[in-house]
Every structure is written in structure tokens, then in C-alpha cells.
1. So, restricting to strands (runs of 3 or more DSSP E) that lie completely within segment 1-88, which ones have at least 1 residues that are at positive phi and among the aromatic types (Phe, Trp, Tyr)?
2. Among the listed residues 98, 127, which satisfies the condition of being among the small types (Gly, Ala, Ser) and within 20 Å of residue 211 (Cα to Cα)?
3. How about segment 1-34: which of its residues are aliphatic (A, V, I, L, M), buried (at least 16 other Cβ atoms within 10 Å of the Cβ) and more than 14 Å from residue 80 (Cβ to Cβ)?
4. Taking segment 1-57, which residues are under 30 Å from residue 129 (Cβ atoms) and hydroxyl-bearing (Ser, Thr, Tyr)?
5. Within segment 88-96, does at least one residue satisfy the condition of being surrounded by fewer than 18 Cβ atoms within 10 Å (Cβ to Cβ), within 16 Å of the chain's Cα centre (by Cα) and at pLDDT 95 or above?
6. Mind checking which residues of segment 133-145 are surrounded by fewer than 16 Cβ atoms within 10 Å (Cβ to Cβ) and modelled with pLDDT of 95 or more?
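The values are calculated or read from the model by the stated rules, or taken from the named source; none is laboratory data. If you're wondering where the values come from, they're calculated on a predicted model, not measured in any experiment. Cβ coordinates were reconstructed from backbone atoms using ideal geometry, including for glycine residues, and neighbour counts include every protein chain displayed.
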Amino acid sequence: MVKKLAQIYEGKAKKVFKTDNPDYYWVTYKDDATAFNGEKKGTIDAKGYYNNQISALLFKELEKAGIPTHMVELTGDREMLVKGLEIIPLEVVVRNVAAGSLAKRLGFEEGRKLPFAVVEFYYKDDALGDPLVNDSHIAVLGLAEPQELLLLQDMGLKINRVLQDILAKAGIELIDFKLEFGRHKGEIILGDEISPDTCRFWDATTGDKLDKDRFRRDLGQVEEAYAEVFRRLQEVLQ
């Protein structure tokens, strides 16, 4: 059994601890919520629990589909044992429907379905507000090699297909989502989380938002939305 040791990092949504195995880290999910690059702060009751459990369910399905992830095992309601990663400082965003910043940037009405999935890269830098970057920017910054970018794009699109199939069974439309990757023993694998914090989930019938947009936009019933996503995924996956 791996033992949790000292905390080494605390972010907006998670705490990270060393373990007695140098290859593994212990992650604890928090109830703290932020939006707009930390300008809005609050708490979502049981968010840490739901994000941990939802991420675990989806990581398992992605592993079955041949997508390597950092998850080793659940270690508690809000805790997960993960592989240590050298994080690639890029957010990989996959979009199926216009919403959020894409709708504003292109002047699209929110909810407009895109003819194909769009992949975007954002530079992970809080001080800069995580700006949108292209292949040339990434090369200038030395963030990833060209072949790694192609791999990230391919993995993002494959993850999109897998998640869409799962969520459709749960009556949920996958609008867009953010992924983070890292290098582990020479292999690029999926890290971070897949949850209502990092994805836009809409009810496939009503269009109701089932994600952190309920917090961002003060729509209320935030906890209920996270719980509903977890309930539906449990029904179709367990």
C-alpha cells in the first residue's frame, strides 16, 4: 500500500502529496471553485467528491479504449493515486458546439453545432491568462515538439469520440472540454481530470447546463448538476 507523505502543491481545485513511491503522487480534490482566471471564487458543496468519482469512471473507460491516463487507483471519496508527470504546459481544448470563448471570438450563437470537432491549444500561464496559441507560438516557446503536438491533437480527438459515445448513453451532450497531458517514463499520457469543472455538459433533451457554467453564470443548482452527471454515468457504466 502506497503511503501519503507531505503536501507539495495546492492548486485551485486539488492538493498534491508525495508518496513513499517516487513514481506516484496522491491527489485530493477540493470543494473550492474558481472562474474567470481566479477572479470569481466560491465553494461548491461535494464538488471534490463528484469530480474525483466522475474522473475515475471516465479514466477507466478511456484506458479500455487505449488512451493511457495517469490514474492508478481511487484511494478515497476525494482522493486518487496517480502517476507522476512532467506536465506539458498546454491546455488541449476540444469543441463540438460553440460556447464560451469560442462563441464570443467567432461571433457564433452559443449552441451552434460545429461541422467537425475543433482542437485548440492554450498556454498554461496564470499570469498571462492562459492565452490561445498556435503551432508557431508553441515552437517559439519550446513547449512541445511538432510530433508531440500531432499526438496531442490525435489523442484529443480520440478522447472526444469515446466520451461522446459514453455521454450520449447518459443523455448528455459533450459541448467542449479541456485536457492536460504530461510525460511519464517517455510516454505522453492524459493527466488532470475529466469532470464538470473541465467539460461543458448539456442535457441532451432540455439543453440544461450540467457543469461549472452554473457557477460561472450564477444559475444556481450547481451541486445538483454535478450530482446528476455522476448519477447518470453510474447508471450507464456500472
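1. Values: elements: 4-10, 14-19, 24-29, 32-35, 40-43, 71-76, 79-83.
Passing ranges: none, list empty.
2. On the way: 127 fails: within 20 Å of residue 211 (Cα to Cα).
From the options 98, 127, the qualifying one is 98.
3. 33
4. Answer for segment 1-57, where residues must be under 30 Å from residue 129 (Cβ atoms) and hydroxyl-bearing (Ser, Thr, Tyr): 9, 25, 28, 29, 34, 43, 49, 50, 55.
5. Yes, segment 88-96 has at least one match.
6. Taking segment 133-145 as the starting set, the residues that turn out to be surrounded by fewer than 16 Cβ atoms within 10 Å (Cβ to Cβ) are 134-137, 139-142, 145.
Within segment 133-145, 134, 135, 136, 137, 139, 140, 141, 142 qualify.
To keep it simple, each residue is scored yes or no on (1) more than 29 Å from residue 23 (Cβ to Cβ); (2) in the same structural domain as residue 62 (by TED's automatic domain parsing); (3) in contact (Cβ under 8 Å) with a residue 24 or more places away in the chain; (4) surrounded by 12 or more Cβ atoms within 10 Å (Cβ to Cβ).
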position: 106; (1), (2), (3), (4): yes, no, no, no
position: 111; (1), (2), (3), (4): yes, no, yes, yes
position: 121; (1), (2), (3), (4): no, no, yes, yes
position: 128; (1), (2), (3), (4): yes, no, no, no
position: 131; (1), (2), (3), (4): yes, no, no, no
position: 158; (1), (2), (3), (4): no, no, yes, yes
